[in-house]
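Below is one structure, written out as structure tokens; the observations come after it.
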Amino acid sequence: MIGIINGEVYDPQNGINGEVRDIWIEDGKIASPPGLGGTGGGGTEGGQIIDAAGLVVMPGGVDIHSHIVGAKVNAGRKFRPEDHRDHVRSRTAYTRSGSGYTVPSTFMTGYGYAEMGYTTVMEAATAPLVARHTHEELDDTPMVDKGAFITMGNNHFIMKCIRDGQREKARHYVAWLLGASKGYAIKIVNPGGVENWKWGRNVGELDDEVIGFGVTPRQIVTTLAWINDELGLPHMPHIHGINLGQTGNARTTVETIEALEGHRAHLCHLQFLSYGGEPGKSIRSGAEQVARAVNEHPNVTIDVGQVVFGQATTMTSDGPLQYRLHQLSGNKWINDDVEGETGGGIVPMQYKRNNLINAVQWLIGLELFLLIDDPWQVFLTTDHPNAGPFFCYPQVIKLLMDREYRAEMLEGIHRRARKGTLLPEIDREYSLYEIAIVTRAGTARALGLQNKGHLGVGADADVTIYHKLDDKEAMFARPYLVLKDGQVVVRDGQIVREHQGRTLYVAPPYDPGIETDLRAHFEECYTVSFDNYPVAPEYLSRGEVIPCA
Amino acid sequence: MPKFILITGRTTGQGEALHKGKESDEYRQATGLVEMNHLDRERLASLAPQGWGEPGGGQRVRVRTAFGEAELELRESDLPEGMIFVPLGPAANALIGAETRGTGMPDSKGLEAEVEPLVTSPPKLGGIEGGIV
Amino acid sequence: MKIENVVCPFCGCLCDDIVVEVEDNRITAVTKTCSVSRSFFLHAHTGPAHPTVDGQEVEWPEALDVTARILADSASPLIYGLSSTASEAQRKAIALADLLGASIDSTSSVCHGPTTIGIQNQGEPTCTLGEVKHRADLVVFWGCNPAEAHVRHFARYSVSARGKLTPQGRKDRTVVVVDVRPTRSSRTADVFLQPRPGCDYEVLTAMRALLKGETSDVAEVGGVSVAQLVDLLERMKSCRFGVIFFGMGVTQTGGKYLNIAELLALVAELNAYTRFTTMPMRGHGNVAGADCTLTWQTGYPFAINFARGYPQYNPGEFTAVDLLARQEADAALIIASDPVAHFPRRAAQWLSQIPTIVLDPEVNLTAREARVVLPTAVYGVSAAGTAYRMDNVPLPLKKIVDSPQPTDEQVLDWIIERVKT
């Protein structure tokens, strides 16, 4: 048994806000205190006591949206050796070497997250055709528990069902697909737009037509939202909306929220979708408008995708967006269209303080954090590596907790950007409790992970202990201790023990009769056989099914 | 000796034969040949010793580059004049240099080669011994 | 017993519709294969059951001890090959290289390594093969000869394949071949351009210039008339979905990666007019997988060295041909490839001067020069695992027959264990 005693505990799911409490761990789970009717194996005999006096104790971090593994991320790594050369990690007796800054190699990613106090990370987008690749890479991503979202917003089978008014069939297909790809959630990226990109076009409105299918983005989103609820999936449909990066997209973002008609949904990296102003004119913040919509719709959660000044690598399934970024920046461009399912692209990017657009993007993210009232609805991400690398999360935490630091940073950005922003008037500072919500308690809850993001009895013993420092960036960058499944894996910001995390996935039941339709679909649509498509359980060295409701 | 541009590459013959083993006759035959345009072959025949290229006289040549040489069986094909083709294999390796110009990739195509007709002799083995450096 | 949907692991097509008949643990027949695949399956007989050291048969523990000692005692070992084994084995090979501080390189370096360098400069507009099958109405084969090297490519993916927008197959497509010589592929083409050897770079840059609206004051570039280039560009601009497949004809000649960079830039620029993509014709069945595994584990796709304790990348420095030709490697572990059969003589020779260990199902030409030969199971026949198609789609390889030989993955595990102690 392990006892973490005398620490200042922040466990928002259980309402604990900085109380000094003891946390007990047994067999990798949070346990009742010894001798108090719990499993309490003979007090602390043979166990370990960690004295956390004066330290902050939180559940391990849970990242709800990050691009860390799979075909797209790997293509990003491969074409950016310049990203890796100055950022290397040497091997040790029990850790592997690695390289990379915005696109770190897999071992480096796992170690980096753990050293930062994160214990669960969700891969934001995987095309099911190449899910096998995602799982191979996840297997080589140590330390953290993990899962992958499966892109479905441009899926031919689903669009055909919508066109033919067969949403029940689509529901069974989605259930089958999640199990076949060993995925965790439904991901929607620029619904309809990625299919249109295969014709050189895009979508711009929720009621635009998808070429060759005659369905609309609105129909794709609402159908998948309905399916998500029908299947009782633990997470909501995870949506990268239409018009990402375009001036004036705040309007279609709000329309998308309204189109959900009360169905639960998570809107990702919403900073990129909160732009005001007129299309074709200069960028302005639409954060106020979007924040209001989020405040009015408790069925919606978001993650911000906060810009961090410096290097980034944009990588999304949004093919037309990525082409546009290539044209705007002139930077090298990868595009990858995936048959019958999705597409995507990659373009390196640099965010500069004295670039007006980047400065406004930076402001918009902060405005979203500070204008959305309920921290249970707004989560901290940088859409790694699109808006910045994940190890910059501590910097973002500092911006939220320290308004003087924020004001100082504000001085350093493009002058004109400072003019239009509400930021100087916003005094709000996040508390440690709220930070715990936006980095673990809230994300775990939105993901439907009942054993994560909190320290109640029965939770996975993923615990992070921080020094309580005034400089919040330093505090969160280098935890004192990180425990994973009840074992100390990080001490003073260094890996002390290797650990293989679990891959979490869902396997909702479906009508086996759908196989006939699937075989026909594969014959017609794919260049791989139906029988070779599903990912066998052996690919997940520690797979765990999360039940559906 | 007439000069040519040397191209190397895969063929189905070489691909099929390599599964039978690189010591097999099929592999040696599939990789121990060089293709040439018929006009070039005629010119070569006019320089060759008596009987070369005739039935019973065989049609073997020595191909030489700056890096090495190989003895190969000559075949006619649809190549442009001035070009010869050798399938991937031990003979091709003897002809290719190891200079990669910092890329890792040796110059494997477009090399300058000389071709000399030979009187018939038994085929040489593959591997390190194939050809003479 | 009939086994369906078998993946043929031989070339980058990774056809996954092969039917294999097995009786008494032997493959007796195959259908749907091309002639090369057929030969692969029917001759995937087990090689030797026992390892050898210095030509003498030994038991596995001894062979592994000798191997581990060779590698652990060397100052600059090279691990090379990887393209005909499963990703699971590739990952172990990289772990071993990390442990040893070795150099590690795959057959990419003599194949599409220049493509990777080109992509690192320019990016790559690409797609999966199904997109070509369904949408492509203009298909260009540049410096490659699929009729000989990727035999079912035309039928399954690119020329006669029938797709949603290409229901008439061949009739719905215009096929262009660019090659320095006529080939079996060029004979099936609608348009055949024949540049002079080593002139692809000039041709590609001329095309980019013409695309940008430049006019030409010469009549031909690199042996191709400007009129032909203008015609090709018009077809490219006006197609619905175009693709350039390319191969050794552009990676191995002249500018090498510079040729590829021009090709990639041209394809990117064509997207201002229509949708255009490109794809390298990967040769070996899992060389794309080697790129993938090396990249995800180290950050780099080939030409890697771990001597400093972290991965470094430098084609020309850590590529196998160079390390061997410059005699910088002092030991070699060759996995699933045959450099003695495919490397320039000067590089291949060094392998018989240094202690070389070979992991391969067959006693290949490299094995004949090796100190230690470790026979392993044929992947996709006696060893299951994962292989990546030329478009990076990963497919599951089946184990169809048993073999007394261990898998590459297993042997590498054993070696790692021993090196650690």
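The values are calculated or read from the model by the stated rules, or taken from the named source; none is laboratory data. Remember, predicted model here, so these are calculated numbers, not experimental data. When we count neighbours, we look across all protein chains shown, and the Cβ atoms used for this are built from the backbone with ideal geometry, even at glycine.
In table form, for the structure just shown:
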{"item": "When residues of region C:282-310 are limited to those that are over 17 Å from the mean Cα position of the chain (by Cα) and facing another protein chain (nearest Cβ under 7 Å), the one nearest to C:TRP350 (Cα to Cα)", "result": "C:PHE306"}
{"item": "When residues of region A:110-158 are limited to those that are part of a helix (DSSP H, G or I) and aromatic (Phe, Trp, Tyr), the one surrounded by the most Cβ atoms within 10 Å (Cβ to Cβ)", "result": "A:TYR113"}
{"item": "Test: C:PRO195 is in a loop (DSSP other than H, G, I, E, B) and within 27 Å of C:ILE18 (Cα to Cα)", "result": "no"}
{"item": "Selected residue (only one of A:VAL457, A:VAL396 is closer than 30 Å to A:GLU544 by Cα and in contact (Cβ under 8 Å) with a residue 40 or more places away in the chain)", "result": "A:VAL457"}
{"item": "Unmet criterion (only one of (1) surrounded by fewer than 24 Cβ atoms within 10 Å (Cβ to Cβ); (2) within 14 Å of chain B (Cβ to nearest Cβ); (3) at positive phi) for C:GLY380", "result": "(1)"}
{"item": "Residue, farthest from C:LEU270 (Cα to Cα), within region A:325-342, restricted to residues that are facing chain C (nearest Cβ under 9 Å) and of a type outside the set (D, E, K, R)", "result": "A:GLY340"}
{"item": "Test: C:ALA272 is within 14 Å of chain A (Cβ to nearest Cβ), aliphatic (A, V, I, L, M) and free of Cβ contacts under 8 Å to residues at least 40 places away in the same chain", "result": "yes"}
{"item": "Some residue of region C:375-384 being within 14 Å of C:LEU82 (Cα to Cα), of a type in the set (Val, Ile, Thr), outside any helix (DSSP H, G or I) and in contact with an Asp or Glu (Cβ under 9 Å, 6 or more places away or on another chain)", "result": "yes"}
{"item": "Elements of type strands (runs of 3 or more DSSP E) contained in region B:58-117, each with 1 or more residues being over 26 Å from C:GLN194 (Cβ atoms)", "result": "B:60-64, B:69-77"}
{"item": "Members of region C:320-364 that are among the aliphatic types (A, V, I, L, M) and at the interface with another protein chain (Cβ under 7 Å from one of its Cβ atoms)", "result": "C:VAL321, C:ALA325, C:VAL340, C:ALA341, C:ALA347, C:ALA348"}
{"item": "Single condition B:GLY21 does not satisfy, out of (1) in contact with a helix residue (DSSP H, G or I) (Cβ under 8 Å, 6 or more places away or on another chain); (2) within 14 Å of another protein chain (Cβ to nearest Cβ); (3) more than 24 Å from C:VAL110 (Cα to Cα)", "result": "(3)"}
{"item": "Subset of region A:343-371 (residues that are within 10 Å of chain C (Cβ to nearest Cβ) and of a type in the set (Val, Ile, Thr))", "result": "A:ILE346, A:VAL347"}
{"item": "Residues of region C:79-126 satisfying the condition of being on the phi > 0 side of the Ramachandran plot and either more than 9 Å from chain A (Cβ to nearest Cβ) or crowded, with 24+ Cβ neighbours inside 10 Å (or both)", "result": "C:GLY81, C:LEU82, C:GLY123"}
{"item": "Filter pass, C:ASP54 being in contact (Cβ under 8 Å) with a residue 40 or more places away in the chain, facing another protein chain (nearest Cβ under 9 Å) and of a type in the set (D, E, K, R)", "result": "no"}
{"item": "Which numbered condition A:GLY214 misses (of (1) crowded, with 17+ Cβ neighbours inside 10 Å; (2) small (Gly, Ala, Ser); (3) closer than 30 Å to C:ALA136 by Cα)", "result": "(1)"}
{"item": "Residue in region A:395-408 that is part of a loop (DSSP other than H, G, I, E, B), crowded, with 22+ Cβ neighbours inside 10 Å and at pLDDT 95 or above present", "result": "no"}
{"item": "Residue match in region A:168-184 (condition: closer than 22 Å to A:LEU267 by Cβ, touching a helix residue (DSSP H, G or I) at 6+ places or on another chain (Cβ under 7 Å) and not in a helix (DSSP H, G or I))", "result": "yes"}
{"item": "Failed item, numbered, when A:ASN74 is tested on (1) assigned to a loop (DSSP other than H, G, I, E, B); (2) in contact (Cβ under 8 Å) with a residue 40 or more places away in the chain; (3) at the interface with chain C (Cβ under 9 Å from one of its Cβ atoms)", "result": "(1)"}
{"item": "Residues of region A:175-210 classified as within 14 Å of chain C (Cβ to nearest Cβ), in contact (Cβ under 8 Å) with a residue 12 or more places away in the chain and on the phi > 0 side of the Ramachandran plot, total", "result": "1"}
{"item": "Any hit, region B:23-44, residues being among the acidic types (Asp, Glu), within 22 Å of B:PRO80 (Cβ to Cβ) and assigned to a helix (DSSP H, G or I)", "result": "yes"}
{"item": "Where A:THR464 falls short, out of the listed (1) of a type outside the set (D, E, K, R); (2) over 18 Å from A:GLY305 (Cβ atoms); (3) in contact with a His (Cβ under 9 Å, 6 or more places away or on another chain)", "result": "(3)"}
{"item": "Out of A:ASP336, A:ASP318, sole residue that is charged (D, E, K, R), more than 22 Å from A:GLN219 (Cβ to Cβ) and buried (at least 24 other Cβ atoms within 10 Å of the Cβ)", "result": "A:ASP336"}
{"item": "Residues of region B:97-115 satisfying the condition of being more than 7 Å from chain C (Cβ to nearest Cβ), closer than 28 Å to B:SER46 by Cβ and over 11 Å from the mean Cα position of the chain (by Cα)", "result": "B:LEU111, B:GLU112"}
{"item": "Among the candidates A:ILE413, A:ILE346, A:ILE397, A:ILE372, residue that is touching a helix residue (DSSP H, G or I) at 6+ places or on another chain (Cβ under 8 Å) and either under 30 Å from A:LEU177 (Cα atoms) or acidic (Asp, Glu) (or both)", "result": "A:ILE346"}
{"item": "Residue match in region C:311-319 (condition: away from chain B (no Cβ under 12 Å) and among the hydroxyl-bearing types (Ser, Thr, Tyr))", "result": "no"}
{"item": "Enumeration of residues in region B:1-17 that are touching a helix residue (DSSP H, G or I) at 6+ places or on another chain (Cβ under 6 Å) and of a type in the set (A, V, I, L, M)", "result": "B:ALA17"}
{"item": "Looking only at region C:168-215, and only at residues there that are surrounded by fewer than 16 Cβ atoms within 10 Å (Cβ to Cβ) and at positive phi, the one that is farthest from the other protein chains (Cβ to nearest Cβ)", "result": "C:GLY213"}
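Residues checked against (1) surrounded by fewer than 18 Cβ atoms within 10 Å (Cβ to Cβ); (2) part of a loop (DSSP other than H, G, I, E, B):
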| site | (1), (2) |
| --- | --- |
| A:PRO479 | no, yes |
| A:LEU483 | no, no |
| A:VAL488 | yes, no |
| A:GLN500 | yes, yes |
| A:TYR510 | no, yes |
| A:GLU515 | yes, no |
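Results for (1) over 30 Å from C:LEU193 (Cβ atoms); (2) within 11 Å of chain C (Cβ to nearest Cβ), shown as yes or no for each residue.
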residue	(1), (2)
B:PRO2	no, no
B:GLN50	yes, no
B:GLY82	no, yes
B:LEU95	no, yes
